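Input: a single structure, listed below in structure tokens.
The values are calculated or read from the model by the stated rules, or taken from the named source; none is laboratory data. For clarity, every value in this text was computed on a predicted model and none was experimentally measured. All Cβ positions, glycine included, derive from the backbone under ideal geometry; neighbour counts span all protein chains shown.
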Amino acid sequence: MRILVVEDESGITSFLKQGLEEEGYAIDIAVDGQTGLEKALTENFDLLLVDWMLPRLTGLELCKTYRKENKDTPIIFLTARDTVQDAVFGLQAGANDYIRKPFHFEELLERIKVQLRPVSDQHGIFTLGPFSLNTETHQVFKKEVEISLTQKEFQLLEYLIRHKGKVCRRKKIMDTIWGMDATSDSGVIDVFINALRKKMKIQKDEEYIQTIRGVGYIARES
């Protein structure tokens, strides 16, 4: 697996290069946003690690331009910004995830693994915490108790669980589940998400299905 690290702080690039190479990844480095964008567009990478504040071109601008070229390689932002709105800006620009500085290497490694993990379908069964979804029998269980869902509710939950740990954007959900353009979204997704949470009896302190305002949703292990 080949990863491009776009970061201008030499201490961080050395730390990431050494640690990730020890984990078996091939690492390329770009120390400014423009160079990083050019490398990302002309070479093949499995994932991009992009700092927010970069010389010549910010990480946000890099991400937006990269996505306009219909590139779907996962992007993880490395950022010292710590507000929710900043995180939303990054995700709206096309990032798949973000991690705040300073960070633990082990956490970054797990986030990388999530983005690089292939979508698996082992006997049609997917899990999320105490929930299991069987695509062959079209059943959902919370431990041993079956949950009755409509067809669209099942499809929505399946989509979220299949992309567990990854941000699912509203437009992509609409296109996939309803076959509608994002401009047609009049809150229908929110209605179905609320119905899922109610039927699955997800408590407020449980993060199995999280809303990322202005972006979409993410299924996480609580």
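Here F77 meets the list (1) surrounded by fewer than 21 Cβ atoms within 10 Å (Cβ to Cβ); (2) closer than 30 Å to A219 by Cβ; (3) not hydroxyl-bearing (S, T, Y) almost entirely, failing just condition (1). Restricting attention to the range 14-70, the residues that are polar (S, T, N, Q) and either under 18 Å from F105 (Cβ atoms) or crowded, with 21+ Cβ neighbours inside 10 Å (or both) total 2. Based on this model, can you work out whether P74 counts as free of Cβ contacts under 8 Å to residues at least 12 places away in the same chain and either under 15 Å from L16 (Cβ atoms) or not basic (K, R) (or both)? In short, no.
Matching residues to (1) over 25 Å from the mean Cα position of the chain (by Cα); (2) of a type in the set (D, E, K, R); (3) more than 17 Å from A195 (Cα to Cα):
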| residue | (1), (2), (3) |
| --- | --- |
| T127 | no, no, yes |
| P130 | no, no, yes |
| E136 | yes, yes, yes |
| Q139 | yes, no, no |
| E144 | yes, yes, yes |
| F154 | no, no, no |
| R162 | no, yes, yes |
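Being more than 14 Å from the chain's Cα centre (by Cα), surrounded by fewer than 12 Cβ atoms within 10 Å (Cβ to Cβ), more than 21 Å from E21 (Cβ to Cβ) and in contact (Cβ under 8 Å) with a residue 24 or more places away in the chain is a condition met by no residue of the range 106-119. The test for being on the phi < 0 side of the Ramachandran plot and outside the structural domain of K199 (by TED's automatic domain parsing) does not hold for P130. Residues in the range 205-222 that are more than 13 Å from A95 (Cα to Cα) and of a type outside the set (A, V, I, L, M, F, W, C): D205, E206, E207, Y208, Q210, T211, R213, G214, Y217, R220, E221, S222.
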